[in-house]
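The values are calculated or read from the model by the stated rules, or taken from the named source; none is laboratory data. All of these numbers come straight from a predicted model, not from anything done at the bench. Note that we place each Cβ from the backbone using ideal geometry, even for glycine, and neighbour counts take in every protein chain shown. Accessible surface is based on the protein model in full, side chains and every heavy atom, while ligands, DNA and RNA are left aside. Shrake-Rupley method; radii C 1.70, N 1.55, O 1.52, S 1.80 Å.
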Amino acid sequence: VYLNKSEYEQALEYGDKAYTIFDNSKQNNSCFAKVLNTLGLIFFEKDEFEKAFEYFEKSYKIRKEVYSEDHRDLAESLKNIGIIYLKNKCFDYFKNEYYTKSLEYLEKSYKIYKKVYENNLSHPDIAELLNHIGRIYLYK
């Protein structure tokens, strides 16, 4: 709720509490992956891209363990990592490399979304993803 209201400090406070509970339980499950992804989104919105990247990667690793290779949440993680590579200015000195990495993650996400939405290319998740892929070619 706080993330959607752009109240990032409040969102972070509750996200950190959830993180601590899951981290102490030592269970890598889909709920923990969701918490990690949400923390990544909070840091993304705060323009703290390196922290966002860390949380998105952790979420992705857990989701790879708990979901099949064509699960929507796995596509979401790949998309988020791809967007970080596209957006993150700390990777500027590797400009072509980070565009390549971004494209790699976004294309993997696209393949999964196509399966998930049964080639319904008008789904908003696919439209958003194609927009990001188009931005790569615009900036490249």
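Overview of values
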read-out	value
Candidates Glu57, Glu13, filtered to the one that is modelled with pLDDT of 95 or more and out of contact with any Lys or Arg (no Cβ under 9 Å at 6 or more places or on another chain)	Glu57
Ser68 vs. criteria among the hydroxyl-bearing types (Ser, Thr, Tyr) and at pLDDT 95 or above	no
Close pairs from segment 69-82: first in contact (Cβ under 8 Å) with a residue 24 or more places away in the chain, partner among the aromatic types (Phe, Trp, Tyr) and open to solvent by less than 20 Å² (accessible area, probe 1.4 Å), Cβ under 7 Å, at least 6 apart	Ala75/Tyr113; Ser77/Phe56; Asn80/Phe56; Ile81/Phe56
Test: residue in segment 8-18 that is more than 19 Å from Asp125 (Cα to Cα) and in a loop (DSSP other than H, G, I, E, B)	no
Within segment 105-129, considering residues that are modelled with pLDDT under 95 and among the acidic types (Asp, Glu), the one nearest to Arg72 (Cα to Cα)	Asp125
